[in-house]
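Asker: One structure coming up, written as structure tokens, with questions to follow.
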Amino acid sequence: MKAVGYVRVSTDRQADSGLSLEAQHVKIKALADLHDFCLVQIIEDAGASGKSLDRPGMRVLLDLIDKAKVDVVIISKLDRITRSTADLTRLIERLRDARRADGGEGVDFISASEHLDTSTASGRLVINILGTVAMWEREVISERVTEALARKKARGEAAGNVPFGYSKDGDGKLITNPVEQRTLDELRALRATGEKWVRIVQNINADGHRTRRGSLFSRQGLQQIARTAGIE
């Protein structure tokens, strides 16, 4: 099995010292040897925050996953990936839906410190628990956003970024955008069927729906729209 490791430190000082990175390398190599994996490479994010998944090394890792170049991702500790439960859950979902380098489905995920391995029943149980917590967090946020938008809509106001599905009229008031609402309707219907996000993105784009910039929708873009619109 082809394995890719991922390491991260959050400050330039840690990156310059190399000690934290070196320790993570050692754990990942040991775990790969233990499972007899072929460790293809270890990707580094030196001096990168864990507040989001938008960082150079992570983009390289996600690209390898999307191109079916890896069977298993190994990290030394969960907080090296992210400090956000929601981001971790989205990453696990992306791994679960991805094609493997060996032709199978679902890239495995192993964290050394937490003894977490999604190829095992116990590992999947932990991930499901994390996913439930993340879903609750998203629902709470969604409820607050929906309530706030409803209040503003009732007053004919539109503040900040205009949510997908709406536009501003000449007076700056929030009005529904029929074209974007049709996209939301199809997105809502596809999510209700339990379809995987990979297929949802393909269907949305194939049916001619486009972003506000006129480009094809990405998976992350549609997921953000779904969260904002309260679509689970």
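Asker: Report every pair of residues separated by at least 6 positions or lying on different chains whose Cβ atoms are under 8 Å apart, first residue within the range 208-229 and free of Cβ contacts under 8 Å to residues at least 60 places away in the same chain and within 15 Å of Tyr166 (Cα to Cα), second open to solvent by 40 Å² or more (accessible area, probe 1.4 Å) and outside any helix (DSSP H, G or I).
Answerer: Here the result reads Arg210/Leu216; Ala226/Glu232, each pair linking the range 208-229 to a residue that is open to solvent by 40 Å² or more (accessible area, probe 1.4 Å) and outside any helix (DSSP H, G or I).
Asker: If you check Gly103, Gly47, Gly5, Gly57, which single one turns out to be modelled with pLDDT of 85 or more and either open to solvent by 50 Å² or more (accessible area, probe 1.4 Å) or touching an Asp or Glu at 6+ places or on another chain (Cβ under 8 Å) (or both)?
Answerer: Step by step, each of Gly103, Gly47, Gly5, Gly57 is checked, and only Gly57 is modelled with pLDDT of 85 or more and either open to solvent by 50 Å² or more (accessible area, probe 1.4 Å) or touching an Asp or Glu at 6+ places or on another chain (Cβ under 8 Å) (or both).
Asker: Can you tell me which residue is modelled with the lowest pLDDT among those in the range 68-84 that are open to solvent by less than 30 Å² (accessible area, probe 1.4 Å) and within 15 Å of Asp108 (Cα to Cα)?
Answerer: My answer is Ile81.
Asker: Continuing with the same structure: Might you check whether a residue that is in contact (Cβ under 8 Å) with a residue 40 or more places away in the chain and touching a Ser or Thr at 6+ places or on another chain (Cβ under 6 Å) occurs anywhere in the range 29-47?
Answerer: For the range 29-47, residues in contact (Cβ under 8 Å) with a residue 40 or more places away in the chain and touching a Ser or Thr at 6+ places or on another chain (Cβ under 6 Å): absent.
Asker: For residues that are part of a strand (DSSP E or B) and open to solvent by less than 50 Å² (accessible area, probe 1.4 Å), scanning just the range 137-174, find the one that is modelled with the lowest pLDDT. If you could, list the steps in order and put the result at the bottom.
Answerer: Start the filter on the range 137-174 by keeping residues that are part of a strand (DSSP E or B), which leaves 166-168, 174.
Still in the list and also open to solvent by less than 50 Å² (accessible area, probe 1.4 Å): 167, 174.
Working: Ser167: 86, Leu174: 74.
Looking at residues that are part of a strand (DSSP E or B) and open to solvent by less than 50 Å² (accessible area, probe 1.4 Å), I get Leu174.
Asker: If you go through the range 179-232, how many residues are charged (D, E, K, R), under 16 Å from Arg90 (Cβ atoms) and in a helix (DSSP H, G or I)?
Answerer: Qualifying residue count for the region: 3.
Asker: Check whether at least one residue in the range 107-121 is crowded, with 17+ Cβ neighbours inside 10 Å, part of a helix (DSSP H, G or I) and modelled with pLDDT of 75 or more, and report yes or no.
Answerer: As a first pass, look at the range 107-121 and keep what is crowded, with 17+ Cβ neighbours inside 10 Å: 107-112, 116-118.
The next check asks that each one be part of a helix (DSSP H, G or I); those that pass are none.
Within the range 107-121, not a single residue is crowded, with 17+ Cβ neighbours inside 10 Å, part of a helix (DSSP H, G or I) and modelled with pLDDT of 75 or more.
Asker: Here is a list of conditions, (1) open to solvent by 10 Å² or more (accessible area, probe 1.4 Å); (2) touching a Lys or Arg at 6+ places or on another chain (Cβ under 6 Å), and Asp87 meets all of them except one; can you say which number that is?
Answerer: The one condition Asp87 does not meet is (2).
Asker: Residue by residue through the range 175-222, note down the ones that are open to solvent by less than 60 Å² (accessible area, probe 1.4 Å) and touching a strand residue (DSSP E or B) at 6+ places or on another chain (Cβ under 7 Å).
Answerer: Result: Asn177, single match.
Asker: May I ask you to list pairs of residues, at least six apart or on different chains, whose Cβ atoms are under 6 Å apart, with the first in the range 91-110 being under 13 Å from Val70 (Cβ atoms) and the second being open to solvent by 10 Å² or more (accessible area, probe 1.4 Å) and among the acidic types (Asp, Glu)?
Answerer: From the range 91-110, the pairs are Ile110/Asp117.
The values are calculated or read from the model by the stated rules, or taken from the named source; none is laboratory data. Predicted model only: the values in this text are computed from it and were never measured. All Cβ positions, glycine included, derive from the backbone under ideal geometry; neighbour counts span all protein chains shown. SASA here: full protein model, heavy atoms, side chains in, ligands and nucleic acids out. Shrake-Rupley method; radii C 1.70, N 1.55, O 1.52, S 1.80 Å.
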